Amino acid sequence: MPNFIKPRWALPERAATPESIFLARRSLIKSAGLGVIGAALAAPSAHAGLLDNLFGANTPPTDTEPDPTTDLYPVQRNEAYTGGRPLTDEGLATTYNNFYEFGSHKRIYDGAQKLPLRPWTVILDGMVEEEQTVDIDTLIRQMPLEERIYRHRCVEAWSMVVPWSGFAMAELVKLARPKAGAKYVLMQTFENPQVASGQRQSWYPWPYTEGVTIEEATNPLAFMVTGVYGKPVPKQNGAPLRLALPWKYGFKSIKSLVRFTFTDQRPVSFWEKLAANEYGFWANVNPEVPHPRWSQATEMPLGSEERIPTQLFNGYADEVAGLYKGLEGERLYT
Ligand SMILES: Nc1nc2c(c(=O)[nH]1)N[C@H]1C(S)=C(S)[C@@H](COP(=O)(O)O)O[C@H]1N2
Ligand SMILES: [Mo]
């Protein structure tokens, strides 16, 4: 094994596991009376070896099946979205991932290659004029694809700047034709425990779900991702269809979507079910509102040696602050 030099942005596993899973596991295991096993599972060092391995292999994995949308890329860049900072190295953005379906550590890109991407359908249902099941290739080929460089700020305080390809989420809402009473969009990731080892861990509330208001979904910044770095989006980054909400913490940007349900009930997300005190519905980036267990004032860009200040709404306040007028009483920033 070669010697790896751990970059300084390589956060210790405990800090890099946002999502309070060690705590959730601990309490579940305790309540099951399995204290000794619980302690071993809960040890923050459990994945240290895996994390160390990551930094020797920052090359994007290659997929053996050709993606049937490859011919669409690269797409036209929309110059209105420049990212404002240097792009993150493609090798880093595609090998340092959060995708709990494939494990609670960052090196899931190899395991994620098992996910079959075709056939893949997307359901549009709930409070809509007519329920639809849409084939992913039909969907992608009918949408106006463009490239946008967006900042991404994980709640764990690492960040990246990536060139996503895709289409405005407003286009998907238009296609779904929600009824007047619909207020929210509930979104779901695939469920396939045979290939997604994380989904065999029953203490998580699978499938991964997220939600936004219709106003958020139709804000021009809300972006459905089908590609990245001028190619179809790789499995580990949420193929074949994921969300990018650059003004919110990264966990809202749900991957590998199979269902959009329009509803008048506010959705409860995967992380909110696990730890409602730490992860709420709105989760807008705000450097002045700390996570209960760490500060959100600064962030570590992937590949960088220095922390930089975090900005309100991740720097997108001009575009989105208006969405939250009149909601000041809500927990908008966790
Ligand atoms: N289905 C699903 N979507 C998910 C996650 C996940 O574990 N499962 N992790 C989220 C988190 S915490 C982040 S920061 C981003 C990471 O996206 P990336 O791996 O493309 O950087 O995906 C988000 N979407
Ligand atoms: Mo995240």
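Would you mind stating whether V195 is within 15 Å of the chain's Cα centre (by Cα), touching a residue at least 24 places away in the same chain (Cβ under 8 Å) and either away from ligand 1 (no atom under 16 Å from the Cβ) or at negative phi (or both)? Here the answer is no, as V195 does not meet what is asked. Scan region 122-137 and tell me whether some residue there is over 24 Å from E90 (Cβ atoms), part of a helix (DSSP H, G or I) and touching a Ser or Thr at 6+ places or on another chain (Cβ under 8 Å). Checked against the condition, which is being over 24 Å from E90 (Cβ atoms), part of a helix (DSSP H, G or I) and touching a Ser or Thr at 6+ places or on another chain (Cβ under 8 Å), region 122-137 yields at least one hit.
T213 - would you say it is surrounded by fewer than 23 Cβ atoms within 10 Å (Cβ to Cβ), within 14 Å of ligand 1 (Cβ to nearest atom) and either free of Cβ contacts under 8 Å to residues at least 60 places away in the same chain or within 21 Å of W271 (Cα to Cα) (or both)? Judged against the criteria, T213 is not a match. Identify, please: which residue in region 108-121 is surrounded by 16 or more Cβ atoms within 10 Å (Cβ to Cβ) and either at pLDDT below 95 or not polar (S, T, N, Q) (or both) and is, among those, farthest from R200 (Cα to Cα)? Among those that are surrounded by 16 or more Cβ atoms within 10 Å (Cβ to Cβ) and either at pLDDT below 95 or not polar (S, T, N, Q) (or both), it is W120.
Suppose the filter is in a helix (DSSP H, G or I) and either free of Cβ contacts under 8 Å to residues at least 60 places away in the same chain or basic (K, R) (or both); does G322 pass it? Spell out how you get there, then give the answer.
Values: in a helix (DSSP H, G or I): yes; either free of Cβ contacts under 8 Å to residues at least 60 places away in the same chain or basic (K, R) (or both): yes.
So G322 passes the test.
Only one entry in L124, L139, L87, L72 is out of contact with any Phe, Trp or Tyr (no Cβ under 8 Å at 6 or more places or on another chain) and buried (at least 22 other Cβ atoms within 10 Å of the Cβ), namely L139. Among the residues of region 274-286, is any in a strand (DSSP E or B) and within 13 Å of ligand 1 (Cβ to nearest atom)? Within region 274-286, not a single residue is in a strand (DSSP E or B) and within 13 Å of ligand 1 (Cβ to nearest atom).
Looking at region 154-182 only, could you name the residues that are touching an Asp or Glu at 6+ places or on another chain (Cβ under 6 Å) and surrounded by 20 or more Cβ atoms within 10 Å (Cβ to Cβ)? Hits for region 154-182 are A157, S159, P163, S165.
Considering each of Q199, Q265, Q188 in turn, give the residue that is polar (S, T, N, Q) and in a loop (DSSP other than H, G, I, E, B). Spell out the reasoning first.
Numbers: Q199 fails: in a loop (DSSP other than H, G, I, E, B); Q188 fails: in a loop (DSSP other than H, G, I, E, B).
Being polar (S, T, N, Q) and in a loop (DSSP other than H, G, I, E, B) holds for just one of Q199, Q265, Q188, which is Q265.
The values are calculated or read from the model by the stated rules, or taken from the named source; none is laboratory data. Please read these numbers as outputs of a predicted model, since none were measured by experiment. Quick reminder, even Gly has a Cβ in these numbers, built from the backbone with ideal geometry, and neighbours come from all protein chains shown.
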